[in-house]
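Rule-based calculations on the coordinates, nothing more; no lab input. Quantities reported herein were computed from a predicted structural model and do not represent experimental measurements. For neighbour counting, all protein chains shown are included, and Cβ atoms are generated from backbone atoms with ideal geometry for every residue, glycine included.
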Amino acid sequence: MTREHSKKSAKELPHPLMRNSNAPKNRTLFLEPEDWQRYGEIPSVDELTVEHIADESSGVELTGDVLTSDVLTDEALTRDGVTGAQPACRWQADRIYCGDGLTGMSRLPAQSVDLIFADPPYFGLKKDFGSGKRSNPWKTIQEYMEWNRAWFAEAARLLKPHGAIYVCCDWEYSGRVQEMLSDSFEVLNRITWRREKGRGAAKNWKNNMEDIWFAVVDGEQYIFNLEDVKFRKEIIAPYTTAEGKPKDWMETDAGERFRMTCPPNIWTDLTVPFWSMPENTPHPTQKPEKLVERCILASSNPGALVLDPFMGSGTTAAVARRLGRRFIGFETNEDYVRLAMKRLDRVSVSGPA
């Protein structure tokens, strides 16, 4: 089942995802009137159906790695001489499904995902981006936290033993997020991102940071590609060896001295996407591609499957494709799915930015 576009034409809708007359062309990515036709049908979470696959006589259960096809056959379900009798979960990598993220996660097979990057809706959210309708279904913070606990449990079920998860949150509930993550994962670090955006307050400090919790399934098996995320740091007072050679630093032909250093857990070098950046979309809480890139490079290898349960405008999908990873995601707003599909049409495998 796919979702069809509204019978109303885009021109009839005062739509916030359409290009504003004041917006610079070829900069920020918008939906154009013709996009409702081009991306009229989008994949739906309703397409995902789950049936248990197992050969009871052998005790072998078929999950994640083989379930990557839209239409599964007995031949596709054969592994190590064992054939599943029925299809399990009909899903396809490199797709964004429209629908509830928790529902979508519950319909994917266990241990099928290598990495999860999640930027879930925050409790204080008043409106759904794009429709203007109230999107906060939680009446109390307790309800919100129970919802988080539910999708954390699904995340733990879906991740492979070497898998990792990154969860974005604001300062107000960061401690509770850490506590609940600890129930299902081994929490390894808290990354603090200075996003350099936000309104000042008359009687408070300006809030321009977010936390990103980094947790893994197994502290002995997880992937962390340190060399892929090291960065250049200028050397002001360089040390030398007894022979006068550079000690742990390098020098360019132009005389610039630097060392490749490990990234800290305070990220101050990543800006919120703004209007002149090609990656920018109308989504008001969009994360920068370089932030997601850093997480994907560190915690997955090429060909890995990256899940984003709250895809938004498609940043995780775009970065995963560019880095040679597969992706799957869920997004409740169908027009953001269309925007993400349009964005993905412009992305090819090209490596780190």
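Just report the Cα centroid separation between the range 200-230 and the range 151-178, whole Å.
One Cα centre to the other: 12 Å.
What ranking do 188-194, 304-310 get when scored by the average of other Cβ atoms within 10 Å per residue, highest first?
304-310, 188-194
Ranking Tyr336, Tyr173 by Cβ neighbours within 10 Å, fewest first, what do you get?
Listed from fewest to most nearby Cβ atoms, that is Tyr173, Tyr336.
Which entries in the list Lys160/Lys287; Lys290/Lys342; Lys230/Lys342; Lys206/Lys342; Lys160/Lys290; Lys160/Lys230 go over 27 Å, if you measure between the two C-alpha atoms of each?
Lys230/Lys342; Lys206/Lys342
By per-residue mean of other Cβ atoms within 10 Å, what is the highest-first order of 102-114, 33-45, 212-224?
Top to bottom by mean Cβ count within 10 Å: 102-114, 212-224, 33-45.
Which whole-Hz ³J(HN,Hα) couplings does the range 159-172 yield from phi under the Karplus relation 6.51 cos²θ - 1.76 cosθ + 1.60, θ = phi - 60°, glycine and proline marked x?
Each residue's phi maps through the Karplus curve to give 6, 6, x, 8, x, 9, 9, 10, 10, 8, 7, 8, 4, 5 Hz.
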